[in-house]
Amino acid sequence: MNTAPDPDRVILFDTTLRDGEQSPGISLNPSEKLEIAQQLTRLGVDVIEAGFPIASPGDFEAVQTIARRLDSGPEGPPVIAALARAQAPDVDAAWNAIKDAGRPRIHTFISTSDIHIVHQFNSTREDVKGQARAAVAQARALCEDVEFSPMDATRADVEYTAEVLQAAIDEGASTINIPDTVGYAVPHEYAAFLTRLYELVPDLHSVVLSVHCHDDLGLAVANSLAGLRAGARQVECAVNGIGERAGNTSLEEIIMLLRTREADLGLRTGAVPREIARTSRLVSRLTGYVVQPNKAIVGRNAFAHEAGIHQDGVLKERSTYEIMDAREVGLDGSGSLVLGKHSGRHALAQAMSELGFELKGQALNVAFRRFKEIADRKKQVTAMDLEALVADELREQVAGYALRWFEVEASSRRPPHATVAVTGPDGEELTGSFTGDGPIDAVFRAVNAATSVDARLRDFRIEAVTGGQDALGETSVVVEVGGVAGSGQGVSTDILEAAAQAYVRALSNAVRRRALADERAAPEREIVRAP
Ligand code: KIV
Ligand code: ZN
């Protein structure tokens, strides 16, 4: 039997929880990050970059939680990577956060472009090379699996970058990642850069070469593909393409690109494509980043045919206008599975099991109670509704405040007035009222009055889970408390209720993170700005 590793197997490195989480307005708590990591594991990614532990106590806790609690995937447990600048405290923090993982990796980086070396770090090429060498050596003494990235490589001098890579390999880095940090490269140039690095550093053939591309010119996937064709075998990406500025290479696009064109490209991943749609919805729901309708692979319209001639063709033979089957990416069933108010507990359990949630005992009771409440208000409960609802109901919430009830008086003739009751951290009922600019503003400020927390709204989004007048509304809120962000979600047929729920959860998250930061006497998020 041939057990040699497949040379054309591409390692999927997901950075949704690190680079992705750097998108403005995203603030995930540790249990939300763990939930995303579990889903990424079901999707079959090989490496999960769980965060940047030195950045804040919250980031450290999230990475540690994932390292300690993540289950195994279809091909065993994924590697858990933590990011560290090429500085001793960063490398120590990264190691402390991931050391309990089955397969830990330290990912350390430093810029090799003169633009960064001179203008950002006020340093010299020689110093940077020394720092890279020392950081990799320190990381390698702690962890067998070390990745090194020369940041802003595509705008750096290739000969100098090659020298730094040689130093990193000499010190034991086993993955070398080439970031197009500012999304400036074009495919032929990126491929030529990698080819030149292979010539200058023959030892690159004995490590894994990786690509990490940003989408500022809309070329992240194209550049990543060019890099893979030039010999890279790890691709760094994020779900729905989220990430710094215009985002990272989209994970789902890479998976389906390599799968759909496998015969021509000859490259494979270990992904389970039918988990793509669910992963995309979960990340969108928890980050509040709505997926554009025409987004490749996961957009609402990615498999919709509007033109009559296309519809006619697809009805006769799907391949006339479709290069992929929606079912391959898990988009089947979401419209067809329907429950109503007469559906029983067994039907709910069965429907949930089809969606991949095995509910029993208390979890099933909770889900059933919530399902009945919705089914009373909404004629048809679809699979998408169930997924939103049950994920909302069963999600581990941060201990803190909980919404009890609210009342809003709204009229076009006078400012709206809201009264809200919440349960406080010690179980006491707290009430507050406010007259606001609009009903949602009044509810949010009434929550502040009830909790005596001066939370500032940073982001508020609302989306219908499905179409129709009685659609469930899904809200996502980010607030800031004393300079620390927290996010929360809510789901209901009543958008005011969904908004109030999301606001109270976001506030609880921010209060908890603020307390954590105070405890460690370091202001959350302000310690280090992620790269
Ligand atoms: O874009 C970038 O350069 C990065 C590195 C930290 C890999 O995210
Ligand atoms: Zn990046």
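Taken together, the values in this text are just the output of simple stated rules run on the coordinates, not laboratory data. Worth saying up front: this structure is predicted, and the values here are computed from it rather than measured. Using ideal geometry, Cβ is built from the backbone for each residue, glycine included, and neighbour counts are taken over all protein chains shown.
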Under 5 Å between amide hydrogens, which residues at least 5 positions from GLY270 or on another chain qualify, with H placed 1.01 Å from N in the peptide plane? LEU12
Low-density loop GluC sites (Glu not before Pro), the range 26-133, at most 16 other Cβ within 10 Å, DSSP non-H/G/I/E/B, are GLU75
Please report the antiparallel percentage of the DSSP beta bridges confined to the chain, to the nearest 5. 50 percent
Apply the Karplus parameterisation 6.51 cos²θ - 1.76 cosθ + 1.60, with θ equal to phi minus 60°, to every residue of the range 25-37 and state each ³J(HN,Hα) to the nearest whole Hz, in sequence, with x for glycine and proline. x, 8, 8, 9, 8, x, 6, 5, 5, 5, 4, 5, 4
Compute the convex hull volume of the Cα atoms of the range 34-85, divide it by the residue count, and report the result per residue in Å³ as a whole number. 60 Å³
Neighbour cut-off at most 16 other Cβ (10 Å), DSSP loop, GluC sites (Glu not before Pro), the range 420-500: GLU428
So, by mean Cβ neighbours within 10 angstrom, what's the order for 412-418, 447-453 with the highest one leading? 447-453, 412-418
In deg cm²/dmol and to the nearest 500, what is the mean residue ellipticity at 222 nm of the chain if only DSSP H runs of at least 4 residues count, each as -39500 (n - 2.57), divided by the residue total? -12000 deg cm²/dmol
Contact order relative to length for the range 379-517, counting C-alpha pairs under 8 Å separated by 6 or more residues, stands in percent at 20 percent
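Any idea what the relative contact order of the chain is, in percent, if you count C-alpha pairs under 8 Å spaced at least 6 apart?
It comes to 12 percent, rounded to a whole number.
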Strictly greater than 14 Å: what percent of every Cα pair in the range 368-446 meets that? 70 percent
What distance in nm lies between label points placed 7 Å from Cα along the C-beta direction at THR320 and GLU262? 2.8 nm
Where trypsin sites (Lys or Arg not before Pro) fall in DSSP loop in the range 283-313, at most 16 other Cβ within 10 Å: ARG300
Given H placed on each backbone N at 1.01 Å, which residues far from SER111 in sequence or on other chains put an amide H within less than 5 Å of it? MET151
Give, to the nearest whole percent, the P(r) tail of the range 158-230 beyond 18 angstrom, counting all Cα pairs. 35 percent
So what are the range 378-493's ellipsoid semi-axes, whole angstrom, largest first, if each one is the square root of 5 times an eigenvalue of the alpha-carbon gyration tensor? 24, 19, 14
When the Cα atoms of the range 91-243 are enclosed in a convex hull and the volume is divided per residue, what value in Å³ results? 113 Å³
Give me a comma-separated list of calculated 3J(HN,Hα) values for the range 244-260, in order, Karplus coefficients 6.51, -1.76, 1.60 applied at θ = phi - 60°, integers in Hz, x for any Gly or Pro. 3, 6, 7, x, 9, 3, 7, 4, 5, 5, 5, 4, 6, 5, 5, 6, 5
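So for the range 1-93, what percent of the C-alpha to C-alpha distances run longer than 22 Å?
Percent of Cα pairs beyond 22 Å in the range 1-93: 30.
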In whole Hz and in residue order, list the ³J(HN,Hα) couplings for the range 406-422 that follow from phi through the Karplus curve 6.51 cos²θ - 1.76 cosθ + 1.60, θ = phi - 60°; x for Gly and Pro. 8, 9, 10, 9, 10, 7, 7, 9, 8, x, x, 10, 10, 10, 10, 10, 10
Quick one: which residues, 5+ away or cross-chain, put their amide H under 5 Å from the amide H of CYS213? H built at 1.01 Å from N. ASP180, GLU236, THR249
5 Å-binned pair-distance histogram of the range 59-142 (Cα, whole percent): 3, 16, 22, 18, 15, 12, 8, 5, 2, 0
Computed Rg/Rh for the chain (Cα atoms; Rh = Kirkwood radius) stands at 0.99
Treating only the Cβ atoms of Lys and Arg (+1) and Asp and Glu (-1) as charged, compute the dipole magnitude of the range 1-40 about its Cα centre; round to the nearest 20 debye. 60 debye
